[in-house]
Amino acid sequence: MPGLRSLFHAAALLGALAVFALAPQPAAAQAVNQITQISPNSAAQGTVGLRVSFTLDSDAPPAPPAGIMPTSVTLGTMSGSSVTHASQYLVTAVFTIPANEPVGAKDPVIVFPLPTGTLTYSMSGGFTATSGQAGPPTITTEPAARSVCAGSSVSFTVAALGEPPLSYQWQKDGGDIGGATSATLAIAPVALGDAGSYRCVVTNGLGKATSNAAVLSVAAGPCSDAYAVVDTGQSECYDASGIIACPAAGAAYHGQDSQHAGTPNIQWTDAFGSSGTWYYDVRAYNANCPAEGPQ
C-alpha cells in the first residue's frame, strides 16, 4: 500500500539522521597550537644549564605521542639541548642564556615532525631574558697565582658582572697600585720586589667586590727553558774569548749548555724550592745565544 511504504521510508530517513547526529564529529583544528605554560619563564643573562618545561595544549591536532622528539625547541634565537618528551603534552629542554643575550621577551617555539609536514607550538613573548648585570659587582673569574723569574713579564686578570660602569683597582699586599685600574694588571719587567699578594677591587654605584688574592713568586734565577742538550765531551766553561770559571749558582752565563756528563758542577736551589746539579761542557759561543740555566 502506498501509504504504508511512505511511512516506512520516512522512518528509515529519520533513523539515518539520528545515527549521523550521534556519530562523533571531528573537532576544528587550531591554526596555531599553543604552549600553555613555561617554567621557569625567565632567567638572567649568563645563566647556564637552565632546564625549562613546556606544557602543550590538548586541542586538535594533538601533540605526537610521548617519545616522538621535536625537531627543535627554541627561546627566540636560543636553541635547547638535552630535549625530553616523556609525556604527550610536556616537553623539556636545557638552555644557556648568553651573557650578551639582549634583555627582553622571547618567543618559545617547539616544532614536531609529522608525516605530512610539521606541527608547531608557540607562545608569543612567553620567556624573558633579564639583565645579569643588575646589582653590585660579582667576581666571575679570579686572578691566578704566578711564579716567574726576575726580568720576565707577568699579568693578572679578573672578570666581574654587575651594573655598569664597573671600576677596577688592583692592590699589592693590600695597598692600591697607582694607575692599575683595568681588568688586567701587567708587570714587565718583573723585579724581585714585585713578589707579593695581588688582588682587585671591583666597584660600581651599588657596591664592591674584592677578588681572591693571587700570590706572585719571583726567583732571582736561574730560569730554564727547554732546549736541546748536546754533550760535546769538553769539561771547561768559556765566554766570548776563553776559559772562565763556571758561573755561581743563580748567575747567568753564555755560550754554554748544561750537559749530562761534564765537570765541574754546581749544586743549586732556586726561589721556588727546586734544586739540582749543573753540569757544564763547552759549546761553540754564539753572540746571539741568550742567558741559559740548568736542565
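Data for the structure
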item	result
Some residue of segment 178-199 being crowded, with 18+ Cβ neighbours inside 10 Å, under 23 Å from GLN45 (Cα atoms) and not β-branched (Val, Ile, Thr)	no
First in segment 103-115 and within 14 Å of VAL83 (Cα to Cα), second anywhere and at pLDDT below 95 and surrounded by fewer than 13 Cβ atoms within 10 Å (Cβ to Cβ), Cβ under 6 Å, 6 or more apart	VAL111/THR118
Scope segment 83-95; condition of a type in the set (A, V, I, L, M, F, W, C), free of Cβ contacts under 8 Å to residues at least 40 places away in the same chain and surrounded by 15 or more Cβ atoms within 10 Å (Cβ to Cβ); matching residues	VAL83, LEU90, VAL91
Test set (1) modelled with pLDDT under 95; (2) closer than 30 Å to TYR89 by Cα - ILE110 fails condition number	(1)
Residue in segment 152-170 that is charged (D, E, K, R), within 28 Å of the chain's Cα centre (by Cα) and either in a loop (DSSP other than H, G, I, E, B) or farther than 27 Å from VAL218 by Cα (or both) present	yes
Selected residue [closer than 30 Å to GLY205 by Cα and either in contact with a helix residue (DSSP H, G or I) (Cβ under 9 Å, 6 or more places away or on another chain) or exposed (fewer than 12 other Cβ atoms within 10 Å of the Cβ) (or both)] from PRO115, PRO98, PRO65, PRO102	PRO102
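The values are calculated or read from the model by the stated rules, or taken from the named source; none is laboratory data. What you see is a predicted model; the values in this text were computed from it and never measured. Positions of Cβ are generated from backbone atoms using ideal geometry, with glycine treated the same way; all protein chains shown enter the neighbour counts.
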